[in-house]
Amino acid sequence: MTDGPPISLLIVDDHPVVRDGLRGMFASEPGFTVLGEAADGVAAVALAESLDPDVILMDLRMPGGGGVAAIAELSGRGARARVLVLTTYDTDSDTLPAIEAGATGYLLKDAPRDELFAAVRAAAAGRTVLSPAVASRLVSAVRSPGNEPLSAREREVLALVAQGTSNREIARELFISEATVKTHLTHLYAKLGVNDRAAAVATAYERGILG
């Protein structure tokens with residue numbers, strides 16, 4: 001697991017004790033290096049731009065700038081870093097917006113050390129990592145289509161789909177990755193209760209979402 005360069009990290013949390021604990025934890029484990037720390041989302045975006053970490057460990061609720069807004073900003077800027085949410089909150093109002101904003105993974109702070117290390121390695125490799133509680137919530141949301149409104153970004157993606165725009169072109173237009181476009185499509189398909197682009201557009205026109 002230590003082959004190749006170490007995975008570089010940016011730790012974002014408003015509690016100094018949490019930041020210190022995480023820094024110490026990763027400093028003691030081969031294969032990781034902590035480049036910096038931030039106490040809020042605004043500082044996180046600025047540091048991510050200057051430090052260019054592989055993975056950002058992002059808390060969600062922070063005075064001075066929350067995690068979801070920071071994730072959306074990083075996605076909008078096309079940041080290379082993968083964002084792994086590490087928080088104490090697993091409610092729908094926290095998890096879904098974070099995933100929709102572009103987070104690669106979502107873990108709770110009670111995760112064991114080895115699980116956290118494995119999650120960071122997976123995130124660095126571009127794989128999605130979800131705690132069991134969060135995964136079950138997302139599955140429930142997918143199985144209950146039609147009850148949840150589309151996010152602003154999902155509406156943007158859907159509008160471009162309606163114009164016949166490809167995933168690659170949507171990614172370029174919105175300054176996000178193709179993987180993020182696919183994630184948005186998966187979410188809006190689930191919310192609309194459809195399985196493909198054509199059905200999504202037709203349903204959106206029927207419901208007045210487009211038009």
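The values are calculated or read from the model by the stated rules, or taken from the named source; none is laboratory data. In this text the structure is predicted, and so the values were computed from the model without any measurement. Ideal geometry is used to build each Cβ from the backbone, glycine not excepted, and the neighbour counts take in all protein chains shown. Calculation scope for accessible area: heavy atoms of the full protein, side chains included, ligands and nucleic acids excluded. Shrake-Rupley method; radii C 1.70, N 1.55, O 1.52, S 1.80 Å.
Points worth noting:
- Under a model in which nothing but the beta-carbon of Lys, Arg (+1) and Asp, Glu (-1) is charged, the chain shows a dipole of about 500 debye around its Cα centre.
- Peptides 126-135, 14-23, 95-104 ranked from most to least packed by the mean count of surrounding Cβ atoms within 10 Å: 95-104, 126-135, 14-23.
- Structure-derived Cα Rg over 2.2 N^0.38 Å: which label, when the choices are (1) 0.95; (2) 1.19; (3) 1.05: (3)
- Selected from A72, A179, A199 as most flexible by GNM, with the chain as the system and alpha-carbon contacts under 10 Å: A199
- Compared with the dominant Cα axis of the chain, that is its longest principal axis, helix 132-143 is turned about 10°.
- Less than 5 angstrom separates the built amide H of L210 from those of Y205, all sequence-distant by 5 or more or on a different chain.
- For A38, the residues whose modelled amide H falls within less than 5 Å of its own, excluding neighbours fewer than 5 places apart on the same chain, are I11, V12, D13.
- Extreme residue, positive dipole direction of the chain, given options F175, T88, V120 (C-beta unit charges): F175
- In this structure, the amide hydrogen of L130, modeled 1.01 Å from its nitrogen in the peptide plane, lies closer than 5 angstrom to those of Y106, counting only residues at least 5 positions away or on a different chain.
- Mean separation of Cα contacts under 8 Å (6+ apart) over length of the chain, as relative contact order %: 15
- Of all accessible heavy-atom area on region 1-103, the percent that carbon and sulfur account for (1.4 Å): 56
- Between the Cα long axis of helix 92-101 and the first principal axis of the chain there is an angle of about 90°, rounded to the nearest 10.
- The Cα center of region 179-211 and the Cα center of region 32-60 differ in position by 33 Å.
- Accessible surface, per residue, of the chain when the full set of protein chains is kept, probe 1.4 Å, Å²: 48
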